[in-house]
Each structure stands twice: as structure tokens, then as C-alpha cells.
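The values are calculated or read from the model by the stated rules, or taken from the named source; none is laboratory data. The shown structure was predicted, so the numbers you read here are calculated from the model rather than taken from an experiment. In this analysis, Cβ positions are derived from the backbone assuming ideal geometry, glycine residues included, and neighbour counts consider all displayed protein chains.
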């Protein structure tokens, strides 16, 4: 093989483990570019060595999500078989984090990141537990919702935080504010996605994530309460932004700004329309937010206590 054999990659070696590492990294990079404009855009503001770790985390999370969501069903998998594949993916992930190799390029890349930045099964096990819940639970109560959001989103924030702060393979922080910020930002991302996918989750996947919320009777008061809850998470995450290393701060600031914009738009959308239309941030608005971050004029996250679109705190 030569350098040109791996699309999108520029490995420094053409044989052996180095080439396999580079190929696995290239595969993960494709996943984030194909699946997420927001995270893909924000990740481009990271230095290459950190961006690679974020791409590795995103790719594994996305592959697991595809097992429990539409693509696996479209391929003819029933929940039992999907659960078996998810179990196998988790086992492969834990083994790769231990031995440093997997025949699955996405798992291999993820394991390299886990081993380099210093996390392991304490974060992957809650994640896979939440993915497994999508195969067995169609509605959540308060306790299961908290557990699901932690495993599906907050631990992903903690994985990314490890990538932002490690040096020489060792974590370099013990700031509770950073940990809280990473968890709350992950929770905000997840809850916003739940809000804008209300109809698809209910009608196509048969799921209702928010406890006690019935999509068929979704109203302005319910929407305002959920938007305010997301805002509380975004506010908590904003307090951690100044503590992030400078090399990571622009990317996380942009991600925060994109989801702040999305939450504002959801808040300004009538409840009856929210259950029929998927709210999104137009590409020109995303580009404008990115440009402001790049020139050092990032939107200042604001801790608001009232006058939120669609309701009050």
C-alpha cells in the first residue's frame, strides 16, 4: 500500500500498525463528517491531535446508536439480534481498551483514544447501558431518564474532556467545575435532540424520553419547562468554558453557541409545530457563529433567569 491508498489520510508510514492506526483514524473522521454538521464544524477548530480523539469518540458513539435506531431495523434486525450486536460491540471495545487492538477500525481508533487520554470502562459501561435501554424501554420515569442521559450523553462529554486536558497520556485537571460543565453540556445536547426529534422518536421508534410527556398533548407550558431545563444545563456548562485549555476553548464555545441557538429556536417555535417539524440551525447561521469564534468575537454565553423564548424560568 502507498500513502494514497487511504482516502483522507496522510499516514507517515505505509506498513504495519502505524498504517492501521492511520486508517482507523480516517474511518472515524468520515463518520463525523457524514453524520454531524454541528459537531463536525466545531471539531475543525481543534488542533489536529485533539480533533482526532474527538472524532474517535464520536464515531463509536454513532455506530452504537445506529444499532439501536433506524438503520439496524431497516436491515431487518429485531431487538434481540440488535442487542446481541450491541453486546459484541461493547465486548470488543473493552477488549481493545485493554490490549490496544481491534479488527473493527472504529473500535480500534476509540481504544487508542481511551488508552491515551486515560479513561476506560467506567465511562463506556454506562454508555452501553443507555444504548441497551433503547431496545427494552419505550418510556422513562425520572430515575431512568437521569440514568439514560448520564450514560448516553454526559459520559461522552467526560470522554471529550479527557481529550481536551490530557498531557502525555495523563489527566492534568481535578477541577470539579470542568467535570460538571462537561456533563451538563452533554446533557443539554441530548435534551435538545430529544426536543427536536419528538415526533420521530414517538412515531418511528416508539419512544418517549421525557418523563410524563405525551407528544399527542404537547403544549406550550410543557415546551417552556423543557426549554428552561436545557437552558439551565447550558448555563452551568458556560461557567466551565473559561477554565478549558485555550486549545480546546474555541471549539467547545462554538458547540455551546450552536446548541444555544438551537434551544432558542425551539423555544420560539409553537408547541404544535414542534411536534411536526424538526427545528434546525440554518447553515449560514452556523457559519456566522463559527466566524465570530474564529475572529475572537465568540457569542458570550449568558446566564439568563427570565425572558426565555417560549416561557420563563
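Just a few scattered comments:
One line per residue, one yes/no per condition, for (1) more than 19 Å from residue 51 (Cα to Cα); (2) out of contact with any strand residue (DSSP E or B) (no Cβ under 6 Å at 6 or more places or on another chain); (3) not assigned by TED's automatic domain parsing to the domain that holds residue 54:
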site	(1), (2), (3)
82	yes, yes, no
92	yes, yes, no
103	yes, yes, no
108	no, yes, no
117	no, yes, no
122	yes, yes, no
177	yes, yes, yes
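- Residues located in the range 207-251, provided they are within 22 Å of the chain's Cα centre (by Cα) and assigned to a loop (DSSP other than H, G, I, E, B): 207, 209, 210, 211, 239, 240, 244, 245, 246, 247, 248
- Selection count, the range 48-84, where residues are closer than 23 Å to residue 189 by Cβ and more than 19 Å from the chain's Cα centre (by Cα): 1
- Hits in the range 266-286 (condition: in contact (Cβ under 8 Å) with a residue 40 or more places away in the chain and not in a loop (DSSP other than H, G, I, E, B)): 266, 267, 268, 271, 272, 274, 283, 286
- When the criteria are applied in full, residue 202 meets the requirement of being within 23 Å of residue 149 (Cα to Cα), part of a helix (DSSP H, G or I) and in the same structural domain as residue 160 (by TED's automatic domain parsing).
- Within the range 96-114, if we keep just the residues that are over 16 Å from residue 57 (Cα atoms) and part of a helix (DSSP H, G or I), the residue that is nearest to the chain's Cα centre (by Cα) turns out to be 98.
- Which numbered condition residue 302 fails, given (1) buried (at least 18 other Cβ atoms within 10 Å of the Cβ); (2) more than 21 Å from the chain's Cα centre (by Cα); (3) modelled with pLDDT under 90: (1)
- For the range 217-236, the candidate set comprises residues that are closer than 11 Å to residue 185 by Cβ and in contact (Cβ under 8 Å) with a residue 60 or more places away in the chain; within that set, the residue that is surrounded by the most Cβ atoms within 10 Å (Cβ to Cβ) is 234.
- Flag for residue 156 being within 29 Å of residue 256 (Cβ to Cβ), buried (at least 20 other Cβ atoms within 10 Å of the Cβ) and at pLDDT 95 or above: yes
- Residue in the range 241-256 that is assigned by TED's automatic domain parsing to the domain that holds residue 157, more than 30 Å from residue 165 (Cα to Cα) and either buried (at least 22 other Cβ atoms within 10 Å of the Cβ) or in contact with a helix residue (DSSP H, G or I) (Cβ under 8 Å, 6 or more places away or on another chain) (or both) present: no
- Meets criteria (in contact with a helix residue (DSSP H, G or I) (Cβ under 7 Å, 6 or more places away or on another chain), more than 26 Å from residue 165 (Cβ to Cβ) and free of Cβ contacts under 8 Å to residues at least 60 places away in the same chain) for residue 81: no
- Meets criteria (touching a helix residue (DSSP H, G or I) at 6+ places or on another chain (Cβ under 9 Å), over 21 Å from residue 35 (Cα atoms) and either part of a helix (DSSP H, G or I) or in contact (Cβ under 8 Å) with a residue 40 or more places away in the chain (or both)) for residue 135: yes
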